[in-house]
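Undergrad: Handing you a structure now.
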Amino acid sequence: MFKLSRPSPAMVVACLALAISLGGTGYAALKLPRNSVGTQQLQRNAVTATKIRKNAVSSSKIEDGQVTGADVDEATLAAVPRSDTALHADSATNSGQLGNVLAADYAKKLWVQVSGGAATSYYGVTNVSRVGTGAYYVVFNRGVRNCATFATINMDPGSLNGANGTIRAAPLIGAGIETVVLVVTTLPDGQTAADYDFSLMVMC
């Protein structure tokens, strides 16, 4: 019959020490005191994206200058307030205030040269019509009611002194009329209507 021998005192002490050491490690791993883990206990790259709770990182936790345009998904951004007037900057939504003309073209001068009652060269003019002796309607592609007009009788190709006569031009005033300039040419007396070739420029 096999008989167990009594363990020696040294063996007993060694076993107790091993049990205490193992039990202490397990207790420490499962029963860490609150706020006992700090930066010194964390290894580099120990906290990964999957271990961060959703919405746990607020803007106050991000260092200034760390988030750049490349980090932003532009498709998730809402439209800037009133950006509806900037989405079509080439022809703004309220371009009616510009006479329905491209903003890039609006600052350009409007002008026309008229010979024989017809436009021979022009910019921003849609029509020229002779409505009577020495009277012409010049129609522009935008509103000109509040614009300044400058007109001159064209020089006679056969004379260095130009053609004799007078000329007047002003925006035509009337309900719903915004784009028409009336040009009147007369003999040198300033009263007798007469047809002359002329040039007209409008600046707004």
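Please treat every number below as a calculation from the coordinates, not as lab data. Nothing here was measured: the structure is a model prediction, and the numbers come from that model. All Cβ positions, glycine included, derive from the backbone under ideal geometry; neighbour counts span all protein chains shown.
Undergrad: Can you list residues from other chains, or at least 5 along the same chain, whose modelled amide H is less than 5 Å from the amide H of residue 170?
TA: Counting only residues 5 or more places away or on other chains, the set is 182.
Undergrad: Further question: Which value, in debye to the nearest 20, describes the size of the charge dipole of the range 118-204 about its Cα centre when Lys and Arg Cβ atoms bear +1, Asp and Glu Cβ atoms bear -1, and nothing else is charged?
TA: Approximately 280 debye in magnitude.
Undergrad: Just how far, in whole angstrom, is the range 45-60 from the range 128-150 if you go by their alpha carbon centroids?
TA: So the separation of the two Cα centres works out to 70 Å.
Undergrad: Starting with the highest mean, order 126-134, 53-61, 178-186, 192-200 by the number of other Cβ atoms within 10 Å, averaged over the residues of each peptide.
TA: 178-186, 192-200, 126-134, 53-61
Undergrad: On the first, second and third principal axes, largest extent first, how far apart are the outermost C-alpha atoms of the range 108-203 in Å?
TA: Per principal axis, max minus min of the Cα coordinates gives 39, 26, 20 Å.
Undergrad: How much length would be gained if the chain were fully extended between residue 146 and residue 133, taking 0.36 nm per residue of separation minus their Cα-Cα distance, in nm to one decimal?
TA: 2.0 nm
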